[in-house]
Amino acid sequence: MLMRTDPFRELDRLAQQLTGGAGTWTRPSTVPMDAYREGEEYVIALDLPGVAKDAIDIDVERNMLTVKAERRPAAKADDVQLELSERPLGVFSRQLVLADTLDTERITADYEAGVLTLRIPIAERAKPRKIAISGESDRKQLGG
């Protein structure tokens, strides 16, 4: 039901990890995620530790879902001297192409403990249903 939009994204992510590069708005870092089906909906869990809720932007246009977030440096007093900085800062993004069988009008989002969880219901038109079979005996009963 979900497809990746950029086959080279993993190579970009690996290169950023090796070079220690922070994401920018024009070239954001990749957001790690899990995606799975749970009953009648798909669940996408994205890791965004240390990101404020108001720094997360979720958009859906047709069947393209985009999540962008920015981890900003913590405000420090003038007398604080940073000794080590390993936590990545900057912009993080993930784009997913959603199948037509998902209901993009009813996506819900929850953010808890640094994990953004999106729930996307399966569209009613995509759910299995029984099809009635008509035949000659049905037509005769209807006067046909």
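Run the accessible area of region 37-144 with a 1.4 Å probe and give the carbon-and-sulfur part as a rounded percent.
Using a 1.4 Å probe with all protein chains present, region 37-144 comes out at 47 percent carbon and sulfur.
Using the heavy atoms of the protein chains and a 1.4 angstrom probe, tell me the accessible area per residue for region 102-141 in square angstrom.
Value returned for region 102-141: 79 Å² of accessible area per residue.
Counting other Cβ atoms within 10 Å, keep those with at most 12, restrict to DSSP loop, and tell me which trypsin sites (Lys or Arg not before Pro) in region 64-125 are left.
Here the trypsin sites (Lys or Arg not before Pro) that fit, given the DSSP loop and packing criteria, are Lys76.
The values are calculated or read from the model by the stated rules, or taken from the named source; none is laboratory data. Please read these numbers as outputs of a predicted model, since none were measured by experiment. Using ideal geometry, Cβ is built from the backbone for each residue, glycine included, and neighbour counts are taken over all protein chains shown. Surface areas here come from the heavy atoms of the whole protein model, side chains and all, with no ligands, DNA or RNA. Shrake-Rupley method; radii C 1.70, N 1.55, O 1.52, S 1.80 Å.
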